[in-house]
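A.B. asks: Encoded as C-alpha cells, here's the structure I'll be asking about.
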Amino acid sequence: MIAGEIEELHTALEQAERARKAAEIELNEVADRISDLSTQNANLSSQKRQLESTATAMQADLDEAISELKNSEERAKKAGKMKTKREKILRRLQNNFDGFRSERDFYFSKYFEEPNHSFQKRFLAKDDSIEAHKDLTLEKSTIISFAISIADIRALRLE
C-alpha cells in the first residue's frame, strides 16, 4: 500500500512537473506575445504622431492656399477696376485724339490747302517773317500736344 501510494505520488509529481513546464512554456510564449504587441503599439503610436503632424501641416497648407486664393480674388477685382478705369481713360484720350485730328485737319485745310489765304502770304512774305514764325510756333505746339496724346494712348495700350 505504501508502495502504491508512493507510486501515485510519484505519478502526481511527474504530472505536476509536466504541468509546470507547460505553464513555463506558455508563460514565455505570452511574454513574447506581450513584447511583440508592445513593439507594435509603440510603432502604431509613432505612426499616429506622424500622421497627426502631417495632417497639421496639410491643414496649414490648406489655410495658406485659401488665404492666397482670397488675395488673388482681391487682386483680380482690383485689376478689373483698374482695367475699367484705364478703358475710360483710353476712350477719353481717343476722343481727344479724334478732336485733335479733326482740329489738325481743319487747320491744315485752312492754312495750307486754300490757295490765297493770308497765312500763306504771311508765311511766304519775307518782310513779315516774325508773324509767320509766331503762327508756326502755334502750329508746333498744337502738333506737340497731339503727339503727347498719341504717346499716352500707346502707353495705355501697352499696359
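A.B. asks: Go through region 1-63 and name the trypsin sites (Lys or Arg not before Pro) that are in a DSSP coil and have 11 or fewer other Cβ atoms within 10 Å of their Cβ.
C.D. replies: Taking region 1-63 and a limit of 11 other Cβ atoms within 10 Å, no loop trypsin sites (Lys or Arg not before Pro) are found.
A.B. asks: Where Rh denotes the Kirkwood radius from the mean inverse Cα pair distance, what is Rg over Rh for region 12-102?
C.D. replies: A ratio of 1.83.
A.B. asks: Extension gain ALA65-ALA79, at 0.36 nm per residue separation less the Cα-Cα distance, in nm?
C.D. replies: Working it through step by step, the gained length comes to 3.0 nm.
A.B. asks: Measure off 7 Å from each Cα along the Cα-to-Cβ vector at SER53 and ASP98, then give the distance between these two points in nanometres to one decimal.
C.D. replies: 6.8
FYI, it's all coordinate maths here, none of it is from the lab. The structure presented is a predicted model; accordingly, all values stated were derived computationally and were not measured. Glycine gets a Cβ as well: all are built from the backbone with ideal geometry, and neighbour counts include every protein chain shown.
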